[in-house]
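Just so it is clear, none of the values below were taken in a lab; they were calculated from the coordinates. Note that the structure is a prediction, hence the values are computed from the model and not measured. FYI the Cβ positions are ideal-geometry reconstructions off the backbone, even for glycines, and counts take in every protein chain you see.
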Amino acid sequence: NVCGNELAYASDTSLMKDEPEVVSTDRSNAFVKMLKMIFIFLPGAFFLYFSSIFFLYAFFITKQSLLDFKFGLALWTLSVFMIVFSLGKIRNLECLLIPTSICAVTFVLFMASLFFSETTQVKVLFEYSAYLFPAALIAPILTKSFVDKTKD
């Protein structure tokens, strides 16, 4: 009787149960964040930056209506959504500061181009804008750190 009870007791212990494998959540979260940055944030920032340059040029220089560019507005809206999704939370309205920082860098470039003549202005806006694109990538990351600090 005693031996039978001991075997029954040993089979009920937690030592005999199968334990689930522990998945490293830190590595998987870092990998997901990296994928979000590469495949969502970078294209979103690229489209937002260059579509903002295009809209500022079309609206202020050529005096066209923004509603004439429905595809561009759709692309601009999609890129804002992509940036907020990749760096912040969609339901948090403070995360809208992140794409706003890209638009601010674009606006600074546009204002700097107004000091040049008309032919140089187009060259500054469209040819030299690629040199300032890294600033448009740094600004939202700094803005995200600012938004995260204000939450705490």
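In order along the range 119-125, the phi-based Karplus estimate (6.51 cos²θ - 1.76 cosθ + 1.60, θ = phi - 60°) of 3J(HN,Hα) comes to 6, 6, 4, 5, 5, 5, 5 Hz; Gly and Pro are listed as x. In percent, rounded to a whole number, the relative contact order of the range 64-152 is 30, using alpha-carbon pairs under 8 Å and six or more apart. With θ taken as phi - 60° and the Karplus curve 6.51 cos²θ - 1.76 cosθ + 1.60 applied, the whole-hertz 3J(HN,Hα) list for the range 27-35 is 5, 5, 5, 5, 5, 5, 5, 5, 5 Hz, x standing for glycine and proline.
Between Phe107 and Asp68, the distance separating the two model label sites (each 7 Å from Cα on the Cα→Cβ line) works out to 2.3 nm.
Take the Cβ atoms of Ala130 and Asp26, set R0 to 35 Å, and the FRET efficiency comes out at 0.45.
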